[in-house]
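Some notes on the structure that comes next.
The values are calculated or read from the model by the stated rules, or taken from the named source; none is laboratory data. On a predicted model such as this, the values are computed, not experimentally measured, just so you know. Positions of Cβ are generated from backbone atoms using ideal geometry, with glycine treated the same way; all protein chains shown enter the neighbour counts. When the accessible area is computed, the model is the full protein with side chains, heavy atoms only, and any ligands, DNA or RNA have been set aside. Shrake-Rupley method; radii C 1.70, N 1.55, O 1.52, S 1.80 Å.
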Amino acid sequence: MWIKRKRGWELPERAATPEHVFRDRRRFMAGAAAGSLLAVSGAGALWPHRSRAQMGPPEGDPTTGLYPVPRNDAYALSRPITEEKLAVTYNNYYEFGSSKTIWRDAQRLPIRPWTVTLDGLVADEREVDIDQLIKAMPLEERLYRHRCVEAWSMAVPWSGFPLKALVDYAKPLSDAKYVRFETFEMPDVARGQRGSWYPWPYVEGLTMAEATNELAFMVTGMYGKPVPKQNGSPLRLAVPWKYGFKSVKGITRISFVKEMPKTFWWDVAADEYGFWANVNPEVDHPRWSQASERVIGEDRRIHTQPFNGYGEQVAHLYGEKLKREYGDRLYR
Ligand SMILES: Nc1nc2c(c(=O)[nH]1)N[C@H]1C(S)=C(S)[C@@H](COP(=O)(O)O)O[C@H]1N2
Ligand SMILES: [Mo]
């Protein structure tokens, strides 16, 4: 079905992005920030098909006027926020390719009109317009840690609303056990979806208890503006106690289901990734250590914390019964 090949995703971050390459990129971004580089005529030669390199919020995004939204101080951090330029240009979004620099390609994604289907075990299945949905939700800003399974991390000011608010809005039936998230399928604009070795569309899932935990957050903005396309516009998930691949981007469908959803990376490499993927420094990825993480934008590594530092809010979700049933799979 798929060909086992080492792709960027599967490499430890240090191998995938040698430090000096990354530092050179930072110098490049610093130049761009100063307004020099993108303005010079050479930029046209670098990106002949782009009249203007857009890395920020989508141009003409109808939600622009909603931001900034009030910060919820219950979700503060004791580490510096990642520089915005880095958070919006160093991404994982396999729909647009397996490199970290997909932000230009992601601009091709049409984000309006955009609907989200709410279906499965709900009182009424329906398709909601994204702007109607956003208008119905209580928007706030939260500072969250963001830890990729590749052992790099950021600290990001997300804007959005608690997933619990959306669950309440969807009115799931009592036999719903899991929430399943599905991403768009547009191979014409998303070149990564043209290959047949990945099981598109990207699917993720949470238990109902995880989905209604206060930390589970639906993202519509970041850095006080609408969320850029490369970061998951117009709607993505942020579950900061889990590895980044659980935080699915570009959501088009949310289903309430009885069975544990077969999630994308689990389907691709069941021996490496699974459903739970809770951050745990003591359980290594089969091919690299999870004990520490490289802080994007800083020349340092820090120790990784159990549940990425959110144990107080979520550890109780994973009691003895689940530990017996899943063992280390709870952490991959
Ligand atoms: N649809 C979709 N969502 C996705 C991914 C993806 O490839 N496709 N990559 C995941 C991974 S591995 C990570 S680490 C985060 C990265 O989010 P960021 O680019 O905003 O930092 O998005 C996650 N969500
Ligand atoms: Mo990731």
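Couple of notes before you dig in:
- Among the listed pairs Lys135/Lys229; Lys225/Lys262; Lys164/Lys229, a Cα-Cα separation exceeding 29 Å is found for Lys225/Lys262.
- Protection proxy ranking of 107-115, 90-98, by the mean of other Cβ atoms within 10 Å over each peptide's residues and highest first, is 90-98, 107-115.
- Every Cα-Cα pair in segment 52-163 was counted, and those over 20 Å apart are 57% of them.
- Phi angles of segment 245-260 translate, via the Karplus equation with coefficients 6.51, -1.76, 1.60 and θ = phi - 60°, into HN-Hα couplings of 5, 6, 7, 5, 9, x, 6, 10, 8, 10, 10, 9, 9, 8, 9, 4 Hz per residue; Gly and Pro are given as x.
- Per residue convex hull volume, Cα atoms of segment 13-324, in Å³: 142 Å³
- Amide H partners (placed H, <5 Å) of Lys177, local residues excluded: Val257, Lys258
- When nucleic acids and ligands are ignored and a 1.4 Å probe is applied, Asp124 ends up with an accessible area of around 110 Å².
- With 10 Å bins beginning at zero, the pair-distance distribution over Cα atoms of segment 90-222 amounts to 10, 33, 40, 16, 0 %.
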